[in-house]
Amino acid sequence: MSADPPEFIACDALGAGEAQTIAASLTDSDPWRTLGYGTDALARGLQLAHPDVTRYLAVRNGAIQGLAVIRHPWLRGAYIELFAVLPGAQGQGIGRALLGFIERTYRGRTPNLWLLVSGFNSGARAFYEKQGFRPVGLLTDLIIVGHDEVLMRKVIQAHSTASCQTPSA
């Protein structure tokens, strides 16, 4: 990892310039290229605000290095809709730092982190498994025919054992 650790910035939506730059960088590489994501569509999605979605930017020395888009709540947890380290920043610990930040941010708020990873994206799947995510389901032909998506889960908080008691008379 570089001597300067990334800082993390939360935002509801990205500006048009940031969104276009990130989208162009991502759609030129896998898994987005194989899955047919278009730059303009991805950029529009990064600009849309939604009350259940937060975007987290990993920034180092003023430059965006990575991005996580989180939907919370989702299935008794937080769903990582998009997780990416920009090509020029890969292999420098940015992904591990960003995922650790997401886990710390949602611990105590929700018991689970969820994500999907393309079945052909073995490097990403191995990365997520090293970070404690476990496969829990296979979704065939979800995005495009012929490619599976693997649903992965990481438990970040023990489940409470809530009990119901009948009111006393």
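Tally Lys/Arg at +1 and Asp/Glu at -1 over every other residue whose Cβ is under 9 Å from the Cβ of VAL69; what's the total?
On the way: positive: ARG55, ARG71; negative: GLU81.
Result for the neighbourhood of VAL69: +1.
Would you kindly state how much longer the chain becomes between ARG104 and ASP52 on full extension, computed as 0.36 nm times their sequence separation minus their alpha carbon distance, in nm to one decimal? Could the numbers behind the result be given before it?
Details: separation 52, 0.36 × 52 = 18.72 nm, distance 1.81 nm.
Answer, rounded to one decimal: 16.9 nm.
Multiplying the sequence separation of ASP30 and GLU81 by 0.36 nm and subtracting their Cα-Cα distance, what value in nm do you get? Provide the component values of the computation, followed by the final result.
Values: separation 51, 0.36 × 51 = 18.36 nm, distance 1.58 nm.
Result: 16.8 nm gained on full extension.
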No solvent, one uniform scatterer per C-alpha: report log10 I(q)/I(0) for the stretch 108-153 via the Debye equation at q = 0.30 1/Å, two decimals. -1.08
Restricting to Cα atoms and excluding each atom paired with itself, what does the Kirkwood estimate give for the stretch 25-84 in Å? 12.7 Å
Give me the distance in nm between label points sitting 7 Å out from Cα along the Cα-to-Cβ direction at ASP4 and ARG44, one decimal. 3.5 nm
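Read the figures in this text as sums done on the coordinates, not as results from a lab. Bear in mind that the values here come from a model prediction, so they are computed numbers and not experimental data. For neighbour counting, all protein chains shown are included, and Cβ atoms are generated from backbone atoms with ideal geometry for every residue, glycine included.
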